[in-house]
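Asks: This is the structure I have questions about; it appears just below.
Every number here is computed from the coordinates shown, using simple stated rules; none is lab data. Everything numeric here is computed off the predicted structure, so don't read it as measured data. Every residue, glycine as well, gets a Cβ built from its backbone with ideal geometry; the counts of neighbours run over all protein chains shown.
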Amino acid sequence: MKRRIVCLALLLALCCSFVPQAFAMANLDYYISANFGRSYDVFSGPGRHYYRANMGKAMYGGGAARVYGMEGDWIMMGYQTSAGDYRIGYVHKDALNTATYVNGAIAPLQFSYYAAYADGYCNITDDPVINNKMICSLPENTPVTVLATMGTSWTYVEANTSEGLMRGFVWSIHLKNSTAPTTPAPTYAPLPTMPPLPTAIPWPTAAPVIPTWPPVTAAPWPTYAPIITAVPWNPPTAQPWRTATPGPSTDEWLPEAKNMYLTGNWPVYSGPGEYYYRANKGKATKGEGTCQVYGVENMGYGDWLLIGYPMSSGGYRIGYVRADALGARISDVPALRLTYHTRRLAVNAALTDDPLHTAAAVAEIPAGTYVMFLGYMYSPDAVWAYVEVIADNQIMRGFVLVGALEAE
């Protein structure tokens, strides 16, 4: 008996050793039972912009459920599907209004937020309990946010997948701390030494006969008046962010930007992470020079700067670069205090990363789409809503006219 206990302890230690130490802080091993009485839509994360299983129709149909905790207005719960699988996802807190029983207090979820990367064999599932049915694969070096563990084998993560923004479970052994290869590069025996090449036969030294041609006088190239006259770009002037009336709550305005100098060339993403949409066919870059800095944000992948800068095309772009672009001067930049809550579009809307100059659209968002509202921005002729949304199967941030949002 003693030997069996020792073996089980060694096996448990071996399984745990595959989970990076920084990830083993929060866990989902505790839950309470409940029955919410009727059907509710189920999303993989705490919001309608997250992936929804069953081809966008996943639904809890009432009956026994496990409740793991509350995150904002959303309840994380698990239940058995009619197909015999198990699904863990989120339902809106309105489910509490129809509950027939909830056996205990629903505690707020306290997740650990760490960056990790998938290896070449990483699959994601919403069923770590019964059948572990795969939803999709994560390509090697896909960045994920580690949120919690379940048992000794599973890690709960958030990632931008081929199916959209998703939360789910992966085998812990298929996560790594960096993008380095998971297996060492193969070594090869040196090639055999080749015998020396034969001595080259000297080429005849007779000078070649080159024919001469009569000189040709080139006709002068015609000159034309320039077709396009460059229009100088005038940087946007500081706007009365907190005195504009009428308007939304002053606590929800994006902060006023200040000019700062960036060194080097930096990739620009629409949000604070490399998994967000990147404009200019994935090549948007801010070169060395002055830009406008709105603030710094940290979403689990290090510090990111929200900046705005003019482009050679005459437009303007607002996006994120890594805070390394400022070096030690990052201490001079205030933290962004964005508002995170779900809003819905009342009409079709054009999403733009240039609310101050051309308002050129980067995506068209149909009416009825749920977006994550982040804040407001003022331009000389409009008020804009800064939002996060899934469009064209990419997660992106940008601006829509505030009138496109349904009234709260």
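Asks: Where Lys and Arg each count +1 and Asp and Glu each count -1, what net charge lies around Val402 among other residues with Cβ under 15 Å from its Cβ? It would help to have the intermediate numbers written out before the result.
Replies: On the way: positive: Arg343, Arg344; negative: Glu252, Asp381, Glu406, Glu408.
Once positives and negatives cancel, what remains is -2.
Asks: Among the listed pairs Lys176/Lys283; Lys133/Lys176; Lys176/Lys258; Lys57/Lys286, which are separated by more than 31 Å between their Cα atoms?
Replies: Details: Lys176/Lys283 27 Å; Lys133/Lys176 22 Å; Lys176/Lys258 38 Å; Lys57/Lys286 41 Å.
From the list (Lys176/Lys283; Lys133/Lys176; Lys176/Lys258; Lys57/Lys286), the Cα-Cα distance tops 31 Å for Lys176/Lys258; Lys57/Lys286.
Asks: Once you charge only the Cβ atoms, +1 for Lys and Arg and -1 for Asp and Glu, what is the size of the charge dipole of region 22-102 about its Cα centre, to the nearest 20 debye? All intermediate terms of the calculation are to be shown ahead of the outcome.
Replies: Values: 7 positive and 6 negative charges, 40 e Å.
Using only the charged Cβ atoms, the result is roughly 200 debye.
Asks: Something else now. By the gyration tensor of its Cα atoms, with a ≥ b ≥ c the square roots of the eigenvalues, what is the shape of region 114-176: rounded for a/c under 1.5, prolate for a/b over b/c, or oblate? Kindly include the intermediate steps, with their values, before the conclusion.
Replies: Details: a/c = 1.43, a/b = 1.17, b/c = 1.23.
Since a/c stays below 1.5, the shape of region 114-176 is classed as rounded.
Asks: So if we plug the beta-carbon distance of Ala350 and Asp303 into 1/(1 + (r/R0)^6) with R0 = 22 Å, what FRET efficiency do we get, rounded to 0.05?
Replies: Numbers: r = 30 Å, r/R0 = 1.37.
E(calc), rounded to 0.05, equals 0.15.
Asks: What number do you get for region 75-189 when its Cα radius of gyration is normalised by 2.2 N^0.38 Å, N = residues? Can you show the working numbers first?
Replies: Working: Rg = 17.0 Å, N = 115, 2.2 N^0.38 = 13.4 Å.
Rg over 2.2 N^0.38 Å, computed on Cα atoms: 1.27.
Asks: For every other residue with a beta carbon closer than 12 angstrom to the beta carbon of Ser44, add +1 if it is Lys or Arg and -1 if Asp or Glu, then tell me the sum. Walk me through the intermediate numbers first.
Replies: On the way: positive: Arg48, Arg52, Arg87, Arg167; negative: Asp41, Asp126, Asp127, Glu158, Glu163.
That works out to -1.
Asks: Further, regarding this structure: Working out 0.36 nm times the residue gap between Lys57 and Leu96, then minus their Cα-Cα distance, what length gain in nm do you get to one decimal?
Replies: Details: separation 39, 0.36 × 39 = 14.04 nm, distance 2.10 nm.
Extending this stretch completely gives an extra 11.9 nm.
Asks: Continuing with this model, one more query. Applying a 10 Å radius around every beta-carbon, put 257-265, 99-107, 131-139, 388-396 in order of their mean neighbour count, most first.
Replies: By packing density, highest mean first, the sequence is 388-396, 131-139, 257-265, 99-107.
Asks: Follow-up. Can you sort Ile365, Ile173, Ile75 so the residue with the fewest Cβ neighbours within 10 Å comes first? Can you show the working numbers first?
Replies: On the way: Ile365 22, Ile173 15, Ile75 27.
Least crowded to most crowded, the residues run Ile173, Ile365, Ile75.
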